[in-house]
1. Check the stretch A:337-344 and report whether any residue there is modelled with pLDDT of 95 or more and either more than 20 Å from residue B:38 (Cα to Cα) or not assigned by TED's automatic domain parsing to the domain that holds residue A:266 (or both).
2. Which count do you get for residues in the stretch A:173-223 that are at positive phi and touching a helix residue (DSSP H, G or I) at 6+ places or on another chain (Cβ under 8 Å)?
3. For the stretch A:329-354, enumerate the residues that are out of contact with any helix residue (DSSP H, G or I) (no Cβ under 6 Å at 6 or more places or on another chain) and away from chain B (no Cβ under 14 Å).
4. I'm trying to understand the selection: among the residues of the stretch A:143-166, which are closer than 14 Å to residue A:37 by Cβ and touching a residue at least 40 places away in the same chain (Cβ under 8 Å)?
5. Check the stretch B:91-114 and report whether any residue there is crowded, with 19+ Cβ neighbours inside 10 Å, modelled with pLDDT of 95 or more and within 13 Å of another protein chain (Cβ to nearest Cβ).
6. Say whether the condition of being assigned by TED's automatic domain parsing to the domain that holds residue A:203, more than 25 Å from residue A:397 (Cα to Cα) and crowded, with 24+ Cβ neighbours inside 10 Å is met by at least one residue in the stretch A:301-315.
7. Can you name every one of the helices (runs of 4 or more DSSP H) wholly within the stretch B:22-76 that holds 1 or more residues which are more than 10 Å from every other protein chain (Cβ to nearest Cβ) and closer than 28 Å to residue A:292 by Cβ?
8. Report the residue count in the stretch B:169-221 for those that are under 21 Å from the mean Cα position of the chain (by Cα), touching a residue at least 40 places away in the same chain (Cβ under 8 Å) and assigned to a loop (DSSP other than H, G, I, E, B).
């Protein structure tokens, strides 16, 4: 198709999208392969960016427009790379295109949703609410098309959505297809998954009802989230007054993620502002091992911690119990500077779970370090990585890295072309 | 570490840190002070909990501060801390190494602490009784395998055995008195300095009750299996201690010597000529002794098998610990074999008995310096902690 003149970007999150756009705007054909039904990845799920506290939708919208306007960018959603063979300048890539069951005629009118009788947990909101089996992944999904979850849709035996759709946009007979492309270089921008909090049995996630994770907190605080931006605790939908943030929940822990996820301290400080803005009588307690707010982020730490209702306590929470009467979580922690082991009862706990690199699970054709991040040295010629696939970065660093990866991809094309 | 601004001078003892690292605490410096250990520990007091503070004191080589710390003895090596430690620093092993160091530090005479504390010198420690026994036996003209029915008294007369061990036991007692005094004075300083001593007896009794019931062990999570093993070893030792004194009683009070003949003309006068009474006294004594030995054997095997088991965490028990576990096992195995070979009337029973006495000597003579000294130090420290209101049981 493209005879080794294109760049393949695996992963359509903020890093992958940036790499693809930067390369395309420099004049090179690019492909994005994204496994979700939408582009934008983890950033699309955030309520606000730190430290500016602006909504990520804003930046994503600009990027989506750049993609729409640029014919050099082609993207596959609901797609996964099945295999890669060949070498720099001539990679044969097989992509599995999973069926969306909805074609390009979809106008996102939502008549199908009204007709659909089946529900599924909303993975975009980490299961805190439900969608129908046919759904729009989120308000600003790109592409703006509905999608059917084949794991819950009964298919042609139901087909109520097909009848409801006035645009003939639903095709329940769609099957997975294999797409073959030829590219010159590949950038892995496979990003991360939130670490599975149930693995830390001592922190009670999944057992103690009012223990949530930081990514859930983003969705709770988001205006397009399950609670329309109202921070509520799961057990009784009460708005919590006292919220404890548990840092290093899984990170810097050789029993879980050995690496420091790098962003959780800033994310917690940011989320403390969500809480404080939602209720002036609320208090945020941040339990930490070390506060890792490097460089200019120190200012953000100072700003947030100058609020006397944001309390920073040195000590790692290593046990969480539940008060059976109130359903309040009780943290057990050593207040190191105070020299006491304490039990602290709060309304809700947010676990600052870390970033688990996705490449680890997919077994991608890229060499990884022991933590599952792509190695920067020693990769096959023409293979690069960007963003969190490479190291646990915040968005700003990921963007810089993604732009650099675009240049590497281009240089690879040029040098392979000369041979 | 207080809030007030004054200079604090810390004197790190590098040799001390190296010593800890050498005795099983090799990952000590990995600790980054998150305090997971203090949280998952169910034996720690709420105020100034352990083992987080011990970890940093050990990293900094604060030997002096650690020698005053009663908390290392409240630790029962449950290893919940080690299991949950995010850095693999193994606080359980660090505290175990600290206890070992405390035993050596308080030892009287001090060179004995060094001798028994170094696994490499075990062979010398074992050679001492071998040489001693050989000298005594040869000067008495006993250095040979006797003919006829196997009776240990013919080989190593009881009137040799008893003076040796009574002397040794007396020395052990003196050593312990000196060591425990030193230890107590080290503990009894700020911040837990005792204001009054009235609580000594109640605290001591409470401590003994806890030890018998293994109450602290009961709170262990990760290393629960050890409770039964330790209980069997403890009861085995207590049983054998009683057995020994029982034999001493028969010998010196009833003038009834092993092999405890129950022939009518040889039974002690106290039984009033009743052979049945003598048989009962004999039987009870034998059953008690053998059951005690079995408890020790089973407990010893369990201790070792528990250590080999995968418990979801690593514990590098120091070689100090291993030497001791193996010697206890050898002690009980040689003891049981001596008895069985004697009953089979095989002359090889004699050298086996000799080996057994060597291990008995090791266990008793080196009591204040070996791992077994923990029974005295721990009892002292827990009693002290109870008096200082530091113990949470």
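The values are calculated or read from the model by the stated rules, or taken from the named source; none is laboratory data. Keep in mind it's a predicted model, so treat the numbers as computed, not measured. Because the Cβ atoms are built from the backbone with ideal geometry, glycine has one as well, and the counts that use them run over all protein chains shown.
1. Checked against the condition, which is being modelled with pLDDT of 95 or more and either more than 20 Å from residue B:38 (Cα to Cα) or not assigned by TED's automatic domain parsing to the domain that holds residue A:266 (or both), the stretch A:337-344 yields no hits at all.
2. Summing the residues that are at positive phi and touching a helix residue (DSSP H, G or I) at 6+ places or on another chain (Cβ under 8 Å) in the stretch A:173-223 gives 2.
3. Passing the criteria: A:329, A:345, A:346, A:347, A:348, A:349.
4. Listed by number, the residues that qualify are A:143, A:145, A:146, A:147, A:148, A:150, A:153.
5. Checking the stretch B:91-114: at least one residue is crowded, with 19+ Cβ neighbours inside 10 Å, modelled with pLDDT of 95 or more and within 13 Å of another protein chain (Cβ to nearest Cβ).
6. In the first step, residues of the stretch A:301-315 are kept if they are assigned by TED's automatic domain parsing to the domain that holds residue A:203; the result is A:301-315.
Checking the rest, the ones that are also more than 25 Å from residue A:397 (Cα to Cα) come to A:306-315.
Filter once more, keeping what is crowded, with 24+ Cβ neighbours inside 10 Å: A:315.
Yes, the stretch A:301-315 contains a residue that is assigned by TED's automatic domain parsing to the domain that holds residue A:203, more than 25 Å from residue A:397 (Cα to Cα) and crowded, with 24+ Cβ neighbours inside 10 Å.
7. B:52-59
8. The qualifying residues number 3.
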